[in-house]
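Enquirer: Just dropping this structure here.
What follows draws every value from the coordinates through simple rules; no lab data is involved. No experiment lies behind these values; they were computed from the predicted model shown. Using ideal geometry, Cβ is built from the backbone for each residue, glycine included, and neighbour counts are taken over all protein chains shown.
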Amino acid sequence: MRNAAKAQRRTKPAAGELFPIRTVSTLTGVNAITLRAWERRYGLVRPIRTDTGHRLYRREEIDFINRIVALLDKGVSIGQVRSSLNAPIATNATTRPGDAVWAHYRARMISAITRFDEEGLEDIYNEALALYPIDQVTANLLVPLLRELGERWESAEGSIAEEHFFGVYLRNKLGARYHHRGRRAHGARVLAACLPDEQHDAGLLLFALAAYERGLQPVLLGANMPLEELASAVKRANCCAIVLSGSIAPEPGVLSERLRNVVRTAGVPVFVGGLTSVSQHDAILATGALPLGTDINVGAERIHQSLSLVEPAR
């Protein structure tokens, strides 16, 4: 159970928090020139301009840019992105705009969570899986739901018990999926763990599944991992990268000293994902690690691409 001190360190960006273009570029993998072109030519993103002309982006725009990248990766042209994003998605009942479909699913799941109704939760989750690909369910339902539960708890609208109830449910579901996955992955091995004091590993399991679908071979170390053991573990596991997950603000020294030391001694690229990678973006970059943002599928794809020339583990 998290104590009050750790609770206060939850890394939820402040309401209205804005990010400079260099941060957005790092988190999405889209360079600044392209972001400016998407704004001027296509009107896809609308950053706020400061008095000095600098562009600042909201969290919602970062998520939107990641959705654009996902469509481009599927072969949608940049000129067709707007219509693709606005296209309705059919369900077994009525037709709703895409975002409204997922908001409806999230509302139903939160209602089941507040009642501690595991059967209801299971029915809703299975319904979504029956209608949509697992990547869409992960990106549009599970990840936003985890974020929303954290926000409910922070605002006292929800309870820690609700968050833990769903955490256990999701860990069991994801753990079963991960355990029963095939053994077809032959790509690079990646060491995956949560940052110190991070007790929630659902995001890490979601990443592991997304990485596996891209041919990577995750080696999971789980929650609250001491960083001092990573350099040795990555060598013994014959891994080509380290991936760390976090949603809380680290204690002083975790990034500036301990993470920097991992980057210096591990001999492999180090990536950091989750809310921590957004709120601590510049501090993570300063250590030599690469922040990935909160889009799990985009993060897994970026790691896959960066390691594509690495000799697979034998």
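Enquirer: Hey, if you put +1 on the Cβ of every Lys and Arg and -1 on every Asp and Glu Cβ in the chain, which of Ala32, Leu174, Leu56 ends up farthest toward the positive end of that dipole?
Expert: It is Ala32.
Enquirer: Restricting to bridges with both residues inside the chain, how much of the DSSP beta-bridge set is antiparallel, in percent to the nearest 5?
Expert: Details: 9 of 26 bridges.
DSSP beta bridges in the chain are roughly 35 percent antiparallel.
Enquirer: Rounded to two decimal places and with Rh computed the Kirkwood way over Cα pairs, what is Rg over Rh for segment 211-260?
Expert: Taking Rh as the inverse mean 1/r over Cα pairs, Rg/Rh reads 0.99.
Enquirer: While we're on this one: For segment 7-86, report the translational diffusion coefficient in µm²/s to the nearest whole number, using Stokes-Einstein at 25 °C, 0.890 mPa s, and a Kirkwood Rh over Cα pairs. Let's see the in-between values first.
Expert: Details: Rh = 13.6 Å.
D, rounded to a whole number, is 181 µm²/s.
Enquirer: Using only the Cα atoms of segment 227-314, build the gyration tensor, take square roots of its eigenvalues as a ≥ b ≥ c, and label the shape rounded, prolate or oblate: rounded if a/c is under 1.5, else prolate if a/b is larger than b/c, else oblate. Present the calculation step by step, with values, prior to reporting the outcome.
Expert: Details: a/c = 2.12, a/b = 1.22, b/c = 1.73.
Taking the square roots of the gyration eigenvalues as a ≥ b ≥ c, segment 227-314 is oblate.
Enquirer: Stretched out fully, how many nm does the piece from Val76 to Arg22 gain, at 0.36 nm a residue minus the Cα gap?
Expert: Full-extension gain reported as 16.9 nm.
Enquirer: Between His104 and Asn31, take the C-beta separation as r, use R0 = 41 Å, and let me know the FRET efficiency to the nearest 0.05.
Expert: Numbers: r = 36 Å, r/R0 = 0.87.
E between His104 and Asn31, to the nearest 0.05, is 0.70.
Enquirer: Now for a different question. With a point put 7 Å past each Cα toward its Cβ, work out how far Gln199 is from Ser159 in nm, to one decimal.
Expert: Each label point lies 7 Å from its Cα, and together they span 1.6 nm.
Enquirer: Once you have the alpha carbon radius of gyration of the chain, what is it after dividing by 2.2 N^0.38 Å, with N set to its residue count?
Expert: Numbers: Rg = 19.4 Å, N = 314, 2.2 N^0.38 = 19.6 Å.
Ratio of Rg to 2.2 N^0.38 Å for the chain: 0.99.
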